[in-house]
Amino acid sequence: MPDKLHDALWDANFDIVQIADEEAVRELQSSMIHSSGELSSSLKYEVMEDTDGKVVGRLWSDDPVALYRELGTGKVGEESPKDLPDGVDPVYTQHPWFIPADKVDTDLNAVYGMPLITIAGKKFYRTNGQPARQFMVPAIEAAGDEAPRIITDYVKKGLSEL
């Protein structure tokens, strides 16, 4: 019975993280106008056993843009509403920064409303940051809402095979 229960939890976790991944990709694709799909394709998930022997599903991205989008940047990101997991306390840059206009291939004023300014004859976009536009936390929460049903179904199926 312990093996059947372990296998059921393992399989259920795979379904749950797949749902979270699909939700995150759907949110990204529906909310990004100027996107190459790179962020969506950076998402990864796995099921593993933690050091206590518990079966755990994880969803993440190692693309730094995911973190900037999820939590926001600068003063704007700090002030924007977001749902932070326990123990996550980001620190935000408190001063504006400047992006050389000749180093980007997109009009950041048109896309994000960043003002274009000239300093010493060179054009820059000035920003105080971007708001948080969470896609992973809501996706994980949505998958979590379905988790009890999924786990119950897998456990029932596994136990019925005894």
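Mind telling me which of the residues Val155, Val111, Val76 ends up being open to solvent by 50 Å² or more (accessible area, probe 1.4 Å) and in a helix (DSSP H, G or I)?
On inspection, the qualifying residue turns out to be Val76.
For every residue, the table says whether it meets (1) in a strand (DSSP E or B); (2) modelled with pLDDT of 95 or more; (3) surrounded by 15 or more Cβ atoms within 10 Å (Cβ to Cβ); (4) of a type outside the set (D, E, K, R).
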{"position": "Leu5", "(1), (2), (3), (4)": "no, no, no, yes"}
{"position": "Ala12", "(1), (2), (3), (4)": "no, yes, yes, yes"}
{"position": "Ala20", "(1), (2), (3), (4)": "no, yes, yes, yes"}
{"position": "Arg26", "(1), (2), (3), (4)": "no, no, no, no"}
{"position": "Gln29", "(1), (2), (3), (4)": "no, no, no, yes"}
{"position": "His34", "(1), (2), (3), (4)": "no, no, no, yes"}
{"position": "Lys44", "(1), (2), (3), (4)": "yes, yes, no, no"}
{"position": "Gly53", "(1), (2), (3), (4)": "no, no, no, yes"}
Q. What are the residues in region 125-152 that are in a helix (DSSP H, G or I), closer than 30 Å to Pro64 by Cα and of a type outside the set (Asp, Glu), if any?
A. Met136, Val137, Pro138, Ala139, Ile140, Ala142, Ala143, Gly144, Ala147
Q: Looking at (1) touching a strand residue (DSSP E or B) at 6+ places or on another chain (Cβ under 8 Å); (2) open to solvent by less than 70 Å² (accessible area, probe 1.4 Å), find the lone condition where Glu49 falls short.
A: (2)
Q) Any idea which residue in region 114-141 is surrounded by the fewest Cβ atoms within 10 Å (Cβ to Cβ), counting only those that are of a type in the set (Gly, Ala, Ser) and in contact with a Gly (Cβ under 7 Å, 6 or more places away or on another chain)? A) Gly129
**Q.** Qualifying residues in region 55-73 (those that are part of a strand (DSSP E or B), in contact with a Lys or Arg (Cβ under 8 Å, 6 or more places away or on another chain) and not aliphatic (A, V, I, L, M)) - the one least open to solvent (accessible area, probe 1.4 Å)
**A.** Ser61
Q) Given the conditions (1) touching a helix residue (DSSP H, G or I) at 6+ places or on another chain (Cβ under 7 Å); (2) open to solvent by less than 80 Å² (accessible area, probe 1.4 Å); (3) within 30 Å of Asp11 (Cβ to Cβ), which single one is not true for Gly144? A) (1)
Q) Applying the selection to region 153-162, what residues are within 9 Å of Ala8 (Cα to Cα) and without any contact (Cβ under 8 Å) to a residue 60 or more places away in the chain? A) Lys156
Q.
For Leu39, only one of the following conditions fails: (1) touching a Pro at 6+ places or on another chain (Cβ under 9 Å); (2) without any contact (Cβ under 8 Å) to a residue 40 or more places away in the chain. What is its number?
A. (1)
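The values are calculated or read from the model by the stated rules, or taken from the named source; none is laboratory data. Since this is a predicted model, take the numbers as computed values, not measurements. Note that we place each Cβ from the backbone using ideal geometry, even for glycine, and neighbour counts take in every protein chain shown. Accessible surface is based on the protein model in full, side chains and every heavy atom, while ligands, DNA and RNA are left aside. Shrake-Rupley method; radii C 1.70, N 1.55, O 1.52, S 1.80 Å.
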